[in-house]
Structure formats: C-alpha cells, structure tokens
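Each remark here refers to the structure printed beneath this line.
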Amino acid sequence: MEDRRRRRALAPVLLLLCLIAITAAGCGAIPFEERPASAYVYGSGSPLRVAVVDETVGDDWAPAIARAVRRYDEGSRWLEFTDTATGAHIVVTMRRYSDTAPPALQGYVFQTAVGGFAAVYDADGSACNFPPSALPLGCSGEIARAEVYLNDIIPPGDDIEARRERLIVHELGHALGLTRHSAELGIEQLARRYGWPAE
Ligand SMILES: [Zn+2]
C-alpha cells in the first residue's frame, strides 16, 4: 500500500523528466531504442535503405523530388534510395494536396497554409512526430513509413524549383527521423540517430 502510494506520487515527476529528455532530443531526432527504423539495427554499419515512392502525379513536383533525393544520396554513403518498397527500412510516399482538399491523416491534425508536412509512423503504425510542433510522443521511434505532403499552394516565381527542393529536403529529413527545422540535410544528426561510423 505504502509502495503503491509512493509510486503514484512519483509518476508525475517521471513524466516531467521524460518531457525534458524529449525536448532536449527535439532539436535533433525522434528518440528510439535499438531500432531507429524498421528492421534496421542501430550501429550495424549497414546502409539505411529508403524507398521514395512518388505519388504526386504530374510532372511539376517530380524534378524537385529527384533533386532532393539525390542530395541525400550524395550526402552520405550510409543512405541508399530505391523507388520500390521491397526491402526498404523506411518507405516514404510523396503526395500532393491542397488546403481545399485536405488529406485524411491518421494521428495528426491537419493544418492549413503550410508549404507541406510529413506524417511519420513507427512499425506499429503509431504516429511518430507532429510537425511543426515536433512532439514525438506515443511512438517507439522505429520508423517504418512516412507520408510527405506537398501543398499545391506554392506560389509561382523564378525560384519555384529551388523552393520546392528546399521544402522536400526539409520534409524528407522529418521522414528519416529528424525533428529539426532547417532546410539542411542534417547528415550528422542522422549519423547519431542510426549509429553510422564517421564518413
Ligand atoms: Zn518541419
């Protein structure tokens, strides 16, 4: 009885510590234990196989998707990209949407007027991340699949291709487990997350 009461009193304190730990990790990557991606063992020294399936339909997003994937591919020898889901540790599907026809999301609340977002799921199908608030709660961190949504709201202009590429690099980073909010590749953070040896 005494013990149980003490444990109950401790529970809020433990929760607070968890939140602090998660906040600290929040500027880097979604926390994980042992398996940072589906069937990928941390520090195994094997490449992370990522399938990028382009379901955007049409040819307007496709070139920027290809460039963003190439940048990650060239950015680290531990990243290996394919366009088929078979044998991939993480399957990323690229989709387009518009605010007037929002996608049905599992585990996320849809937000209007953003350039795009990523919905990330662990091996059990639980939502892993909550961009842009980056709260990786209720997920093991073993990323299995991600849906990257690209908003057709993107304004036209001479630099539209560069803006598309920046957006996709950013969202692909979330798909790989990063919770940071820059448009950089974040290879160092990925190396920490997956236990890759120094390049
Ligand atoms: Zn973001």
Simple label model, 7 Å out from Cα along Cβ direction - Ile160 to Gln106, nm: 3.3 nm
Please work out the FRET efficiency for the pair Ala66 and Asp124, using the Cβ-Cβ distance as r and a Förster radius of 25 Å; give the result to the nearest 0.05. 0.20
Take the alpha carbon atoms of segment 158-199, find their radius of gyration, then divide it by 2.2 N^0.38 Å using N residues; give the quotient. 1.30
Hull surface over four for the Cα convex hull of segment 44-199, reported in nm², is 9.1 nm²
Subtract the Cα-Cα distance of Ser44 and Ala85 from 0.36 nm times their separation in residues, and report this length gain in nm to one decimal. 12.7 nm
If you find the alpha carbon centre of segment 139-199 and of segment 105-120, how far apart are they in angstrom? 14 Å
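We did not get these values from a lab; they are worked out from the coordinates using the rules stated. Because the structure is predicted, anything quoted here is derived from the model rather than measured. Neighbour counts are summed over all protein chains in view; Cβ atoms, including those assigned to glycine, are modelled from backbone coordinates with ideal geometry.
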